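To keep things clear, I will list the structure first and then write my remarks on it.
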Amino acid sequence: MKILLSGVKPTGRPHIGNYFGAMKQFVDLQNEYDSRIFIADLHAFTTTTDAKQIREDIIGVALDYLAIGLDPKKCLIFKQSDVPQVTELCWLFDCITTMPYLMRAHSFKDAEAKNKDISVGTFNYPMLMAADILIQDSNVVPVGQDQKQHVEFARDTAEKFNRIFGETFILPESLILENVAVVPGIDGQKMSKSYNNTISLFATDEEIQKAVMGIVTDSSGGIPKNVYAMHSLFKTKEELDQIYSENEGKYKVLKDLLAEDIKTFIRPLREKRAELEKDLPNVLQILKENGEKARAIAEIKMKEIREKIGVSLY
Ligand code: TYM
């Protein structure tokens, strides 16, 4: 079986962009691949230092994974910080990567354009991600469009390492579904926690209603583009064509129909998550056991790497 790996950063609540762009694929593909899905908690420190919040968000993403249907019997569900070998590997990647190369990263350029005080961690973010991917010998990495370049960086880094130290890493490929590569938010831009335009994956009915009513519509009548785009996550083109031609120009009606579809979709997920939340020790036990397995896999790979780079003496 080919190896599939991906992760979500525990910074606030995942949204339907995370779900349709990436997380749904984790669930759909868990029978076809040897899947390893993790919580990217070390990456979260580029944007937060709030220990209490991090702890809550790690447990939150673990609950989210289980609630959407990831099965810990089929798929390793672990947190990144339980595999400290990734930081060891990240350092080695840092040493064979140049600053001009990393300066090409979209995430770095965005931060620079916003005149942010950029941490070394933010600059280095793609190398930690390369380590996550390569240490597990991953073949495929299901992600949204915004992570495509990061997977390419992992590929380049694998090639470079192999060239210098000998054949060690598999070259991974990203798996991006075209129609959900960039899920739009309520303002029509990419849905993103940092743009404040999200609908949370486990939102309450009231939150969904409020968010949908806030979708930005054009005033030209006809089809409200942003409403339609979000609706296409929940209904087929044929269904939508009928609904939107019957209700042309009736933005409020169309928004209400969309809100109903989102509520119907989210309700069972929310109920399952609430159920799982009643037994947190079980969730922590899953993370702990899977973390040990992921660490053992990474340690075998790291031993091979230490041999290759010449530091294994005994
Ligand atoms: P994160 O937590 O920002 O996002 C999780 C996943 O959701 C996708 N995504 C979207 N897809 C479509 N439309 C959107 N509007 C949208 N917003 C987010 C992201 O592309 C991602 O797949 N760096 C990663 C976490 C990570 C990782 C890894 C992923 C760390 N190491 C190794 C894969 C492999 C991140 O911050 O994702």
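The values are calculated or read from the model by the stated rules, or taken from the named source; none is laboratory data. Treat the numbers as computed from the prediction; the structure is a model and nothing was measured. When we count neighbours, we look across all protein chains shown, and the Cβ atoms used for this are built from the backbone with ideal geometry, even at glycine. Ligands, DNA and RNA are stripped out before the accessible areas are found, and what is left, the full protein with its side chains, is counted by its heavy atoms. Shrake-Rupley method; radii C 1.70, N 1.55, O 1.52, S 1.80 Å.
Would you confirm, using the coordinates I've provided, whether V212 is away from the ligand (no atom under 16 Å from the Cβ), open to solvent by less than 20 Å² (accessible area, probe 1.4 Å), on the phi < 0 side of the Ramachandran plot and free of Cβ contacts under 8 Å to residues at least 60 places away in the same chain? When the stated conditions are applied, V212 passes them.
Among the residues of the range 177-187, the one identified as more than 18 Å from the chain's Cα centre (by Cα) and crowded, with 16+ Cβ neighbours inside 10 Å is I186.
Determine whether the range 142-152 contains at least one residue that is polar (S, T, N, Q), assigned by TED's automatic domain parsing to the domain that holds R104, within 11 Å of the ligand (Cβ to nearest atom) and open to solvent by 40 Å² or more (accessible area, probe 1.4 Å). For the range 142-152, residues polar (S, T, N, Q), assigned by TED's automatic domain parsing to the domain that holds R104, within 11 Å of the ligand (Cβ to nearest atom) and open to solvent by 40 Å² or more (accessible area, probe 1.4 Å): present. From the list V183, V151, V212, the lone residue that is modelled with pLDDT of 95 or more, of a type in the set (A, V, I, L, M) and within 26 Å of G291 (Cα to Cα) is V151. Can you say whether S174 is away from the ligand (no atom under 15 Å from the Cβ), open to solvent by 30 Å² or more (accessible area, probe 1.4 Å) and hydroxyl-bearing (S, T, Y), as far as the supplied structure shows? Considered against the rule, which asks whether it is away from the ligand (no atom under 15 Å from the Cβ), open to solvent by 30 Å² or more (accessible area, probe 1.4 Å) and hydroxyl-bearing (S, T, Y), S174 comes out as no. Take the residues of the range 215-244 that are small (G, A, S) and within 16 Å of V183 (Cβ to Cβ): which is most open to solvent (accessible area, probe 1.4 Å)? Among those residues, the one meeting the criterion is S232. Here L92 clears all of (1) within 19 Å of K301 (Cα to Cα); (2) within 16 Å of the ligand (Cβ to nearest atom); (3) open to solvent by 30 Å² or more (accessible area, probe 1.4 Å) except the condition numbered (2). Scanning the range 245-259 for residues being of a type in the set (S, T, N, Q) and either touching a helix residue (DSSP H, G or I) at 6+ places or on another chain (Cβ under 7 Å) or surrounded by 12 or more Cβ atoms within 10 Å (Cβ to Cβ) (or both) gives a total of 1. I'm trying to understand the selection: among the residues of the range 48-57, which are surrounded by fewer than 20 Cβ atoms within 10 Å (Cβ to Cβ) and touching a residue at least 40 places away in the same chain (Cβ under 8 Å)? I54 - this is the single residue of the range 48-57 that is surrounded by fewer than 20 Cβ atoms within 10 Å (Cβ to Cβ) and touching a residue at least 40 places away in the same chain (Cβ under 8 Å). Being within 15 Å of the ligand (Cβ to nearest atom), assigned to a loop (DSSP other than H, G, I, E, B) and among the polar types (S, T, N, Q) holds for only one residue in S138, S107, and it is S138.
Of all the listed residues (K160, K190), the sole one being closer than 12 Å to D146 by Cβ, open to solvent by less than 80 Å² (accessible area, probe 1.4 Å) and modelled with pLDDT of 95 or more is K190. Within the range 116-144, residues that are acidic (D, E) reach partners that are part of a helix (DSSP H, G or I) and surrounded by 21 or more Cβ atoms within 10 Å (Cβ to Cβ) with beta carbons closer than 7 Å, at six or more positions or on different chains, in the pairs D132/Q80; D132/V86.
Within the range 16-37, the set of residues being near the ligand (Cβ under 8 Å from one of its atoms) and open to solvent by less than 10 Å² (accessible area, probe 1.4 Å) comprises G21, M23.
Among residues of the range 249-261 that are of a type in the set (G, A, S), those with a Cβ under 8 angstrom from a residue that is part of a loop (DSSP other than H, G, I, E, B) and open to solvent by less than 60 Å² (accessible area, probe 1.4 Å), sequence gap 6+ or separate chain, pair up as G249/G221; G249/G222. Would you be able to say whether some residue in the range 104-126 is within 16 Å of the chain's Cα centre (by Cα), under 17 Å from H43 (Cα atoms) and of a type outside the set (S, T, Y)? Among the residues of the range 104-126, at least one is within 16 Å of the chain's Cα centre (by Cα), under 17 Å from H43 (Cα atoms) and of a type outside the set (S, T, Y), which makes the answer yes.
Report whether or not Q80 is at pLDDT 95 or above, out of contact with any Phe, Trp or Tyr (no Cβ under 7 Å at 6 or more places or on another chain) and not β-branched (V, I, T). Judged against the criteria, Q80 is not a match.
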